[in-house]
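Data block below; observations after.
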Amino acid sequence: MPSSALRVFAALVVLALGPSVRRAVSQAIADNSFLIEEAYNQEPGVVQHIGTWMRALRTSPWIFTFTQEWPLGAQAHQLSYSIPFQRTSRYSGFGDVAINYRYQLIAADRVAFAPRLSVLIPTGSESRGLGSGNVGAQLNLPLSAKLGSSIVSHWNAGVTAIPNVTTYTLGGSVIWLASPVFNILCEAVWLEQNTGERSVVLNPGVRWAHNLASGLQIVPGLAYTIGVGPSRGEQSAFFYLSFEHRFRAETAKN
């Protein structure tokens, strides 16, 4: 990972963790997908810091994204933001920031559904190809389902709208829970714009968890992104790193 992106991520995580880390809620991997969004909101009192880095293998561009997810009181409401830092073939800089709200509509034992609405803020330079130059909106409908004791699947359908450009997205994943702290997964994502551009990628990878005595859970992950169909020939390396911990003590149960 480029040193500039790594320093940004480390600084953001250190500031977010603060002087102490309290006991985490769950020690098993759950909400740590790569390109696909799960339908699991953060539990009350638990915050997650996520860094992803994707680099094209045949060209120089890469993108690093820092995301932080916070519960708003109860688990039904979640607020998050995503800050991208990227390099094109000529320039480096911050991209457009996303502010996200997600509502936990369904949270059953085997099925979860949590629609998300985002506002895209034009913080990236349009002239340098780092941003759209316009305010946008995004809607995503993530559905998560347990298909068995060791198989989980996530499904997404979404749309992103900025002036003159609308992008439609479909995606899905299958995850094998080889153990509570080691998973093997494969994701697929399809995008199409009203301009006629299309993209289809597969993203097989692995993720594993380190559960520290302090309660901090660290989840690294690796994947190899492969373009298929209209994206044939595209290849990227994908790296994932998550820190999850309590920022507030659990409420005592009667």
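The values are calculated or read from the model by the stated rules, or taken from the named source; none is laboratory data. All values derive from a computational prediction rather than experimental measurement. Every residue, glycine as well, gets a Cβ built from its backbone with ideal geometry; the counts of neighbours run over all protein chains shown. Just so you know, the surface numbers come from the protein's heavy atoms only, side chains and all, with ligands and any DNA or RNA stripped out. Shrake-Rupley method; radii C 1.70, N 1.55, O 1.52, S 1.80 Å.
In segment 161-170, the count of residues that are of a type in the set (A, V, I, L, M, F, W, C) and either touching an Asp or Glu at 6+ places or on another chain (Cβ under 8 Å) or exposed (fewer than 14 other Cβ atoms within 10 Å of the Cβ) (or both) is zero. Scanning segment 130-145 for residues being open to solvent by 40 Å² or more (accessible area, probe 1.4 Å) and closer than 30 Å to residue 109 by Cβ gives a total of 4. Looking across segment 77-118, the residues that are in contact with a Pro (Cβ under 9 Å, 6 or more places away or on another chain), among the aliphatic types (A, V, I, L, M) and open to solvent by 60 Å² or more (accessible area, probe 1.4 Å) come down to 79, 105. The single residue among 195, 225 that is at pLDDT below 95 and not charged (D, E, K, R) turns out to be 195.
Filter segment 146-160 down to residues that are at pLDDT 95 or above and either polar (S, T, N, Q) or open to solvent by less than 20 Å² (accessible area, probe 1.4 Å) (or both), then give me how many there are. Full working, then the answer.
First, the residues of segment 146-160 that are at pLDDT 95 or above: 146-147, 150-160.
This time we only want the ones that are either polar (S, T, N, Q) or open to solvent by less than 20 Å² (accessible area, probe 1.4 Å) (or both), so: 150, 152-154, 156, 158, 160.
Here the count works out to 7.
Residues that are basic (Lys, Arg) and not in a loop (DSSP other than H, G, I, E, B) within segment 25-68 comprise just one, 55.
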